[in-house]
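Everything on this sheet refers to the single structure shown next.
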Amino acid sequence: MGEKKYDAVVIGAGFAGLYMLHRLRERGLSVKVIEAADGVGGVWYWSRYPGAKCDSDSIYYNFTFSEELYKKWRWKDRYASQPEILEYLNFVADELKLRPDIQFKTRVTKASFNNDRKQWEIATDTDETFVAKYFISGVGCLSTTNIPPFEGTESFKGEQYHTGRWPHEKVDLTGKRVVIIGNGSSGIQAMPEIAKEAKELTLLMRTPHYVAEARNKRLTKEEQDQAIVNYEDIRDSFTTTTGGIRMFTTGKSATEFDAAGQKEALDYVWESGGLALGSVYTDTGVNKETNFVVSQYVRDKIDEIIEDAEKAQLLHPDYYITTKRLIIGTNFYEIFNEDHVNIISLKENPIESIAENGVKLREGTIECDVIIFATGYEAMTGSLLKMDIQGRDGQSIQEKWGEGQDVKTYLGLTMENFPNFFMITGPQSPSVLTNMPAAIEQHVDWIDHCIEYLETNELQTIEAQKVSEVKWGKECDDLANSTLFPHTNSWYTGANIDGVQRGFVIYVGGLNNYKVICDKVADNNYEGFSFE
Ligand code: N01
């Protein structure tokens, strides 16, 4: 098959790939998006487990680059469900007429930079070769699922599912004995829904997590109208706040309040619902005293809600709150008051293997009909490393990062030795600590302007300088080390997966500050980059 030539090839048709396609096409470039699924949506195409929702308030979980597009869409609920978000992304694809430039059911397997041609050559599992000057990853931070390699998984005679690869048709769990492994955002959203159908539900839990009440609800017509009126403010929040979303805050440290004042503020955010437990005080992420006040509040709530003191104690988290992703749930703690919902701490009784009739623990076997892996993702780097991407002289990302564990980027967007390769929400960018559409709009706009600069100046390539990577890595590390984040093992550090410990790969300085840095680099004629 001959080569297919484009100005730009983009991987993935989620939020990132769709907007990148739109921007570059508007610029007059020929673009092809390559997408493994048979529809748009990215993680929202795959992640269809019962109860799947987004934890950003829906009115912020959309594009703002086009006022017209923004004003045509109305969210139904405070937190949009997976089907509604998928509907939104299909609406965007239709409104912007994006589908003709997306090739579905195609997976990128390998890409290499040809230094003689100054072009990327991109191979797919459909045996096609695409050639493009610009190669852009929109694979997202959470798309490669993690199924821990338990011995005997294939011998299990019942059904097994991963939350991130849930079947498209309804899975009927009525009257079944279900085991769920993992209680991150996915497991915690899924469990109350599963408990409604299952005869027995057993959570096998490695680490208890902090769960705030979502308090999801239908948006009233007035609230929907208000979101339309607030367009400018919502757009502004994308670039002027640390997380690309407005969150309630007292604007103070917990240490500035007495115990009654602390409780009043925490009661307010608990009752309002959502992620504001993380923002109610300004220093929860850096001050151990404030952090204790907030985390103890959640432990007290757990004791208040769960009648069985033993179960409540098992669910007490003990790491610094917000150093793992804060989770919002609906009736999560409440389901443990039901007799058919149980919990086993894997710290006390670890999994030994999967047997044909259930999960074999060190002490006893939990017999079941269904095993649900809510065990998360090879986050941040997994999807990039799964493809064989080779820069100059055949250097792979694996080689550059030392088997993927020592991430090196400039701004989380680019890498030395990988000319004209861009990562949307790549490692060492603010990515998962933000409202994703906000981070994606900022990245895509920056990449688009960078490409405009190259085209206007008739430049063939742009490439990060090694020294820029070293400085950026140090800036990311210094910032992370000034917070409580590195004290906790999490998927932020890769420690959710045995054998991976790659350091903290997120820029924690806030999306607003990050944007200022990226804009300054661009304004200074792409300081820190080399050109050919
Ligand atoms: O995955 P996770 P997730 N043995 O990695 C456990 C986004 N998201 O899919 O904590 C036993 O958080 C693991 O235990 P531990 C959001 O950013 C958003 O739930 O590592 N257990 C943990 O309990 C989120 O943070 C939304 O000790 C094992 C669980 O599996 C991210 O996606 C909804 C194990 C994995 O939790 C990922 O969430 C869904 C093992 N070998 C997802 N390996 C919303 O917007 C892992 N675990 C609301």
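Each value in this text was obtained by applying a stated rule to the coordinates, not by laboratory testing. Since this is a predicted model, take the numbers as computed values, not measurements. As a convention, Cβ positions derive from the backbone with ideal geometry for all residues, glycine included, and neighbour counts pool all protein chains shown.
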Let me check against my output: what whole-number percent is the relative contact order of the chain, with C-alpha pairs under 8 Å and at least 6 apart?
20
Using Cα-Cα distances under 8 Å and only pairs 6 or more residues apart, what relative contact order does segment 406-448 have, in percent?
32
Which distance in Å, rounded to a whole number, links the C-alpha centroids of segment 61-115 and segment 366-387?
24
Extreme residue, positive dipole direction of segment 198-328, given options Val269, Leu219, Ala259 (C-beta unit charges)
Leu219
Amide proton proximity set for Asp77, modelled H, under 5 Å, gap of 5+:
Leu219
Can you give the angle from 0 to 90° between the axis of helix 231-240 and the longest principal axis of the chain, with both taken from C-alpha atoms, to the nearest 10?
80
Check each of the GluC sites (Glu not before Pro) in segment 402-510 and keep only those in coil by DSSP with at most 15 other C-beta atoms within 10 angstrom; list them in order.
Glu403, Glu458
Do any trypsin sites (Lys or Arg not before Pro) in segment 213-284 lie in a loop, going by DSSP, with at most 15 other beta-carbon atoms within 10 Å of their beta carbon, and if so which?
Arg215, Lys217
Sort Leu69, Leu173 so that the residue with the fewest other Cβ atoms within 10 Å of its own Cβ comes first and the one with the most comes last.
Leu69, Leu173
Qualifying GluC sites (Glu not before Pro) for segment 164-222 [loop in DSSP, other Cβ within 10 Å: at most 10]:
Glu169
Roughly how big is the chain's charge dipole about its Cα centre, with Cβ charges of +1 (Lys, Arg) and -1 (Asp, Glu), in debye to the nearest 20?
600
For segment 303-410, what class follows from the C-alpha gyration tensor (a ≥ b ≥ c being the square roots of its eigenvalues): rounded when a/c is under 1.5, otherwise prolate if a/b is larger than b/c, else oblate?
prolate
Expected 222 nm ellipticity per residue - DSSP helices of 4 or more, -39500 (n - 2.57), all of the chain, to 500:
-9500 deg cm²/dmol
Fraction of the pair-distance distribution of segment 90-162 above 14 Å, Cα-Cα pairs, percent
76
How big is the Kirkwood radius of the chain, worked out from every pair of different alpha carbons and given in Å to one decimal?
24.2
With just the Cα atoms defining each centre, how far is segment 235-261 from segment 510-532? Give it in Å.
27
Of the DSSP beta bridges with both residues in the chain, give the percent that are antiparallel, rounding to the nearest 5.
40
